[in-house]
């Protein structure tokens, strides 16, 4: 697998509105470049472009969501790093052949797919591979 770039970095936050007030001045922004709710993932997201890399603030929309569980266990902070790949399913196949473990399989998002590699293989870092073309 050869990543094309870091796609995005996601920060888990308790309160998205409060986090925006902290981060937007640092990012030179007055609002997100892309704001959305991802119902299946139970998150509300404010995404900012910093060069070609997305910088995301994520708030859980449910107490049983992954972001809420992350914050409960580790506190607010960097939750994941995402690598952009040509094809998520090909990356899964290649990495599984090299004994990397995934949390579930490919998941849909807009016009692409993504998958999470288990942090136990990656020094405690949750890594995502995504084939987003934007």
Considering (1) within 27 Å of residue 18 (Cβ to Cβ); (2) touching a helix residue (DSSP H, G or I) at 6+ places or on another chain (Cβ under 7 Å), say which one residue 85 fails and leave the rest.
(1)
Name the residue, out of 2, 69, that is more than 17 Å from residue 110 (Cβ to Cβ) and at pLDDT below 95.
2
If I filter the stretch 78-97 for residues that are part of a loop (DSSP other than H, G, I, E, B), closer than 21 Å to residue 5 by Cβ and touching a strand residue (DSSP E or B) at 6+ places or on another chain (Cβ under 9 Å), do I get at least one hit?
yes
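The values are calculated or read from the model by the stated rules, or taken from the named source; none is laboratory data. Since the model is a prediction, treat every value here as computed from it, not as a measurement. Heads up, the Cβs are rebuilt from the backbone with ideal geometry, glycines too, and the neighbour counts pull from every protein chain shown.
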